[in-house]
Amino acid sequence: MEIDEEFVLAAAPNTDAAKNGRALAIKKKFTKLHYSDDESIWFGYCQGSGKEPYLCSADFAVPEKPVYRCSCPSRQFPCKHSIGLLYAKIEGHAFTVCEIPESISSKREKAKVQADKKKVEADKPKQVNKSALAKKIKAQLDGIDLLETLTRDLVRLGIGNMNAKLAKEIEDQAKQLGDAYLPGAQAALRNYTKLFYEDDGRELSNVGRESIFSEAFDQLGRLHSLIGKGRAYLKSRLDDPELAPETETAIAAWLGHAWQLRELKDAGLVEENVELVQLAFNTHDDVARQEIVDTGIWMNVATGRIGITQNFRPYKSLKYVKSDDSFFQVAQIKELYTYPGTLNPRIRWDGMLSRPIEAKDLAAIRKHARVDFAETIKEVKNHIKSPLSDKCPLFVLRFARIGMVNGSLVAEDAKQQRLVLADAGMTDEPRSCHLMQLLPQAYLTEQVVVARFKHDLDAKRLQIKPLAIVAENEIVRLTL
Amino acid sequence: MSIAVLNQVYDEVRRIAIAGSAVAPGDFRLKKLIPLLEQAGKKSPVFAKVADSATSLVDSSEKTASTALLEMGTLINSILYTQGETGLEGKLEPIVSKDFGVSRTQTSARLIKPLIEALTTTGSGRLEVVKDSHARGLFKDLRLIRPAILALDDVYSEIADFIAAEVLPIYGNAIYPELESQFDLKGKSGQPRRLELMHRLDPVKARPWVQLALDEGSKEIRVAAIRCLGTSAEDLTFLLEQSKAKAKDVRAAALEGLSRLDAKDASNALIAVIHHSDLELALRPLHNTESPDVIAAVHSAIDEQAKKILSSKEKDKSKLGKEVSRLLSLLQCVTDRKDTGTEETLYALLEDRRKWEGLKADPGGLDVLEAVSTALCVGSTAMQRKLVSLHPELPIECFWNAFESACAALKPDDVFATFGAYLKSYTGPSKKGATKKSKDINHARAETLVEAIGDGYRWTRSRYSRLAYHAHAEPKTISSTLSPKWLDLAIEMDVRPLILQLAVSGNKKSNDALAKMYKELADGKSKDFYQISELIEVLIRLQHPDATDAMVQAIEGLSKSTASYGLYWLLRLIKNLPKDEAIPKLETLITRLPEKIAEQVVDHLIELKQQ
């Protein structure tokens, strides 16, 4: 297992934890440093503020899934002591072979027992507590009724009569949806209400109000579809408690179902030995969900399928939840779980190894790029017409050239089919179009662009936002 | 498919959604479109579906209208999602790529995101993030160009000024279009910065904006625009008008513009201001002007003012001081000039040196002589030689200028021959509170030499910063121009500030002297952290073998003293230590240090490791 600085930075929950951990190593706070004779676990005693030193460890029994443990009371995970231990290793501090302390070996044993138990349980058919499930579904159906009432009230009121105060009142009522096990529906309603106030809660200006009418109208349609499809789905599950969550569509996620890896595995949504390359990354504040969301856009090097990772960090526990970061290597994943969805499904994994990106990886990504804009556009339109679809799908496109037409940026394929590049309506990611004129000329012809499609409701135009250029020798990121 | 009809239907349904579903029943505008839809529905079933949905909506009651409107909206939106336009007609022109060598985008989100936030949000601690990122070269990432430009409007003006002065020039005039697209004639704060930056990057392209800003801009923009004028003869009339404006900042900016113009009227305006209360506003323009008429007028004004002061019978020191202040201001205008007129004017002032020495006021005659010596010092070689030749007759306030003039105009050995003898009078620093007057003049001269050469760069810099509008941004260290004889004499007399400043690598005598100082540090005899820092700085500069050990000793020593605040300066030197030797030694040291000091050392140690 090679541990370098990049590995430690990726393991650290944030930059402060990495810095503090490194300081511990430099200050020689580790009174003892050891490793097991099979080198599967590295551990040490770190002098903290208490009387007794903390026992921290990095367990590489499963190399792609290291486990960090520490006896300190920190809620950060891994804590600075475990990070410091890794830095001590990088900086060449002397580690000696030693028997694993009982407290660690017992935890290790427990974890192994739990993993075995999990494995056994995974093979057993899942027991469903039918009465509890029925009770939950009934509560959800009541929640759907509430959502319908609220939506109808909003339609009766009219988009033009909404304001920040009313939006906040609706959001207060929508909290009941969370109580009714429908956090997804609650977020969908918030996606409508949040349109009516600024980030700091202020009322929108008149110009600002007019600019959101089309989007608000579309959001109402989504709520209507969610009510219809959600009710039908929940009723079908109430009628058949054995029925597994829907995997053909994303309706379960829309209602707020938190998928367990086991459920995904049971549904066959798992791939083995996959290599992924991150094409773009972003962190945005999702006011509707009250969370910071780290989004990674990845391509499966072998199949070319684009998936997204999402790390949700609730406002309330920002300090304790590890943030994701941009990743510049190839992720080697033993088991890749894919969430229900069509074009760019959410993906997740439990552990990974990494290796540097090579020219062949970039060549593979470039090979997967769509060469025919017309075909891709058709596919996109067919996808986004569904009210509950992801309205901003991602594709990797090969373009013949990017240039200007009457002041607009335009990408053209080999058949001279064109797509307009624009940032409008995609505020979650930093603006990127203006960067095109700052790129070397060679990156504007016969290259590959990672693009997010978006239909501009007011302009009635399907446009793309460039997120990265995949050249033969590098990926030039245009967002984060 | 007849998209036009669908778009019409969409517009009507959207209108109803904005107004509220209560207006939907019987809506005649939507109703009018139904026959068109039904007709199109004969050919395409989707139109028939839309027609049915529209009929349901129009026929709905107040109770059912909301559901009907939602149905209709969902349907029409779904259809229009499939009808979005994609291409764009017209000739595809190549992008004029502005490749200015900033194409790196491999900085991780964890580093770049806080920087973007520092540039685009408000709150404390952002300037440090921006400065630190600038020092680490993070701005050489094309994704930061736009946030950096937007930071010109930062509410915290220090950030905006730093960005304008230090960061944005990195990108060159490739950012001009972006600046231009954001420029607002009526704006405040960031907009004047934007205009001046546009003018700095591309004066020709910015010219129309400058002219427009003069006519239509906000007050702040107009002042910025005036500051950009003076590059074209057509600015003259406007600048002349503005030089009489009510607002002081407008007058100052206009005078500056006039100083850049080669025109009789511009010169006359500047000459007029010499005798006006606006003189203080015009110091920079009068200093920068190349007009012989204006320069001659300044010379005359200096002569007149000097005569007025010296012939004055005024006893009130404050009133006399005001007259002297005016003379000092005029002397600032000729500082850095090398012409014969200036030469004659300054020499004439020196003729009356005895009178000036005796003039008591605040400021007084000694300040005048110092200002004259400063002007001679940065003047022509002849002026510098003149000052050197006169220095024995001038007060101590002029001594350093004379020495610096000698360094500039004479050969190093001749400088030593003229000034070396003064050093022999040195008997150590004077006690606190002792004035130069109370001391022996030769000792005072020796002390000036020790202070000046010994403090080398810092002293020179602070001195240069006192010279208003001095053209030399980065003065040379005086010690680099001195004869080695100075070092020999300093070692012989054990004048430590000079040894530290003049020591050279490989010189046995200076190495021995430094070793002696280091020994005293090791023995704990030395407590002055400025001296300690200076010694270590020199040891590092000379790659002395004791540099790392001296640093370790010094940190340990200072960590035990109450003066540990001096560590700030000392620790900044860690990054210059020899890496291989320093890292293990400092790591061992850290374990012995108090927690707070160890934290400080760690930060610098990480910096050394990352080099």
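Starting from the Cα gyration tensor of region B:54-171, take the square roots of the eigenvalues, sort them a ≥ b ≥ c, and report rounded, prolate or oblate (rounded when a/c is under 1.5, otherwise prolate if a/b is larger than b/c, else oblate).
On the way: a/c = 3.77, a/b = 2.08, b/c = 1.81.
Prolate, since a/c reaches 1.5 and a/b exceeds b/c.
Placing unit charges on the Cβ atoms of the charged side chains and taking the dipole of region B:556-611 about its Cα centre, the candidate lying farthest along the positive direction among B:Leu573, B:Leu608, B:Ile597 is B:Leu573.
Counting Cβ atoms of other protein chains within 10 Å of each Cβ in A:275-285 and taking the mean gives 1.
Binning at 5 Å from 0, report for region A:83-152 what percent of all alpha-carbon pair distances ends up in each bin. That works out to 4, 11, 8, 9, 9, 10, 8, 8, 8, 8, 8, 6, 3, 1, in percent per bin.
To the nearest whole number, what is the average tally of beta carbon atoms from other chains within 10 Å of the beta carbons of peptide A:213-221?
Details: counts 4, 5, 0, 3, 11, 7, 0, 7, 11.
Taking all residues of A:213-221 together, the mean is 5.
Taking max minus min of the alpha-carbon positions on each principal axis, chain B gives extents of 114, 72, 47 Å, largest first. Restricting the GluC sites (Glu not before Pro) of region A:184-245 to loop positions (DSSP other than H, G, I, E, B) with no more than 11 neighbouring Cβ atoms within 10 Å leaves A:Glu242. Cross-link partners for B:Lys113 among the lysines, with Cα-Cα distance under 23 Å and sequence neighbours closer than 8 places in the same chain left out: A:Lys19, A:Lys80, A:Lys316, A:Lys319, A:Lys322, A:Lys465, B:Lys131, B:Lys140. Among the aspartates and glutamates, which fall within straight-line cross-link reach of B:Lys264, defined as a Cα-Cα distance under 16 Å, with same-chain neighbours fewer than 8 residues apart omitted? Reachable aspartates and glutamates: B:Glu234, B:Asp235, B:Glu241, B:Glu256, B:Glu290, B:Asp293.
Over the protein assembly as shown, with the other protein chains present, what is the accessible area per residue in square angstrom, probe 1.4 angstrom? Before the final figure, lay out each step's value.
Details: 51170 Å² over 1091 residues.
About 47 Å² of surface per residue is accessible.
Protection proxy ranking of B:412-423, A:353-364, by the mean of other Cβ atoms within 10 Å over each peptide's residues and highest first, is B:412-423, A:353-364.
For the protein assembly as shown, what is the Kirkwood estimate of the hydrodynamic radius, computed as the reciprocal of the mean inverse distance between distinct Cα atoms, to one decimal in Å? The partial results should precede the final answer.
Numbers: mean 1/r = 0.0278 Å⁻¹.
Averaging 1/r across every pair of different Cα atoms and inverting gives 36.0 Å.
In terms of its Cα atoms, region A:1-62 spans 32, 28, 17 Å along the principal axes, sorted from long to short.
Enter the buried accessible area of the A/B pair, total of both sides, probe 1.4 Å, in Å² rounded to the nearest 100.
Working: alone 25210 and 32570 Å², together 51170 Å².
Its buried surface, counting both partners, is about 6600 Å².
Taking the 0 to 90 degree range and rounding to the nearest ten, how far is the long axis of helix A:80-90 tilted relative to the main principal axis of chain A, both from C-alpha atoms? Relative to chain A, helix A:80-90 is tipped by roughly 70 degrees.
Does region A:353-424 come out rounded, prolate or oblate, given a ≥ b ≥ c as the square roots of the eigenvalues of its C-alpha gyration tensor, rounded meaning a/c under 1.5 and, failing that, prolate meaning a/b above b/c?
Oblate is the answer for region A:353-424, as a/c is 1.5 or above yet b/c matches or exceeds a/b.
Overall dimensions of region B:516-611, expressed as equivalent-ellipsoid semi-axes from the Cα gyration tensor (√(5λ), whole Å, largest first), are 18, 16, 11.
In this structure the amide hydrogen of A:Leu480, modeled in the peptide plane, comes within under 5 Å of the amide hydrogens of A:Phe281, none closer than 5 places in sequence on its chain. Shape index of region B:298-430: Rg/Rh, with Rg the Cα radius of gyration and Rh the Kirkwood radius from the inverse mean 1/r over Cα pairs, equals 1.01.
Sorted largest first, the principal axis extents computed over the alpha-carbon atoms of region B:124-203 equal 32, 25, 18 Å. For chain B, the longest principal axis of the C-alpha atoms and the axis of helix B:365-377 are separated by about 70°. Go ahead and estimate [θ] at 222 nm for chain B from helices alone: -39,500 (n - 2.57) per DSSP H run with n ≥ 4, summed, over the residue count, rounded to 500. Only helices count here, giving -19500 deg cm²/dmol. Once you average over the residues of B:107-120, how many Cβ atoms of partner chains fall within 10 Å of each Cβ? Mean partner-chain Cβ count within 10 Å for B:107-120: 4.
Summarising the strand pairing of the protein assembly as shown, around 90 percent of its internal DSSP beta bridges are antiparallel. Axis of helix A:373-384 versus longest Cα principal axis of chain A: the two differ by about 90°, to the nearest ten degrees.
When the helices in chain A are scored as -39500 (n - 2.57) per DSSP H run of 4 or longer and the sum is shared across all residues, what 222 nm value do you end up with, to the nearest 500 deg cm²/dmol? Each step should come with its number before you reach the end.
On the way: 12 runs with 174 residues, N = 480.
When only DSSP H runs of four or more count, the value is -12000 deg cm²/dmol.
Highest mean packing first, where packing is the average number of other Cβ atoms within 10 Å per residue, the peptides B:395-408, B:482-495 line up as B:395-408, B:482-495. Calculated from the alpha-carbon coordinates, region B:222-291 shows an Rg and a Dmax of 10.3, 28 Å respectively.
Cross-link list A:Lys65/A:Lys130; A:Lys138/A:Lys378; B:Lys42/B:Lys91; A:Lys89/A:Lys334: which exceed 31 angstrom alpha carbon to alpha carbon? Checking Cα-Cα distances, A:Lys65/A:Lys130; A:Lys138/A:Lys378; B:Lys42/B:Lys91 exceed 31 Å.
Using a cut-off of 18 Å between Cα atoms, the listed pairs B:Lys307/B:Lys338; B:Lys411/B:Lys508; B:Lys188/B:Lys219 include B:Lys307/B:Lys338; B:Lys411/B:Lys508 as exceeding that distance. Divide the volume of the convex hull around the Cα atoms of region B:20-91 by the residue count and you get 115 Å³ per residue. Counting every pair of alpha carbons in region A:76-226, the share spaced more than 27 Å apart comes to 55 percent.
Legend: residues in region B:573-600 shielded by at least 50 square angstrom of accessible surface upon adding the remaining protein chains to the isolated chain (1.4 Å probe, heavy atoms) are B:Glu587. With a sphere of radius 14 Å drawn around the Cβ of A:Gly201, what net charge do the other residues whose Cβ falls strictly inside it have (Lys, Arg +1; Asp, Glu -1)? Neighbour charge sum, excluding A:Gly201 itself: -3. The overall shape of region A:330-477, judged from the alpha-carbon gyration tensor, is oblate: a/c is not under 1.5, and a/b is no greater than b/c. Here the dipole of region B:1-98 is about 100 debye; that uses its Cα centre as origin and unit charges on the Cβ of Lys and Arg (positive) and Asp and Glu (negative). The 3J(HN,Hα) values that the Karplus relation (6.51, -1.76, 1.60; θ = phi - 60°) gives for region A:50-60 are, in residue order, x, 6, 8, x, 7, 9, 10, 8, 10, 9, 10 Hz. Gly and Pro appear as x.
Cα convex hull of chain A: how many Å³ per residue? Show your work: numbers first, answer last.
Working: hull volume 85.5 nm³, N = 480.
Normalising the Cα hull of chain A by residue number yields 178 Å³.
Over region B:205-352, the pair-distance histogram of Cα-Cα distances with 10 Å bins from zero comes to 11, 38, 29, 16, 6, 1 percent, rounded to whole numbers.
Accessible area of the protein assembly as shown with a 1.4 Å probe: how many percent of it is carbon plus sulfur?
Numbers: 26020 of 51170 Å².
Taking all protein chains in place, the protein assembly as shown shows 51 percent carbon and sulfur surface.
Remark: region A:259-408 carries a charge dipole of roughly 300 debye about the Cα centre, counting +1 on each Lys and Arg Cβ and -1 on each Asp and Glu Cβ.
The values are calculated or read from the model by the stated rules, or taken from the named source; none is laboratory data. Because the structure is predicted, anything quoted here is derived from the model rather than measured. All Cβ positions, glycine included, derive from the backbone under ideal geometry; neighbour counts span all protein chains shown. Each accessible area value is taken on the protein alone, full model and side chains, heavy atoms only, with ligands, DNA and RNA left out. Shrake-Rupley method; radii C 1.70, N 1.55, O 1.52, S 1.80 Å.
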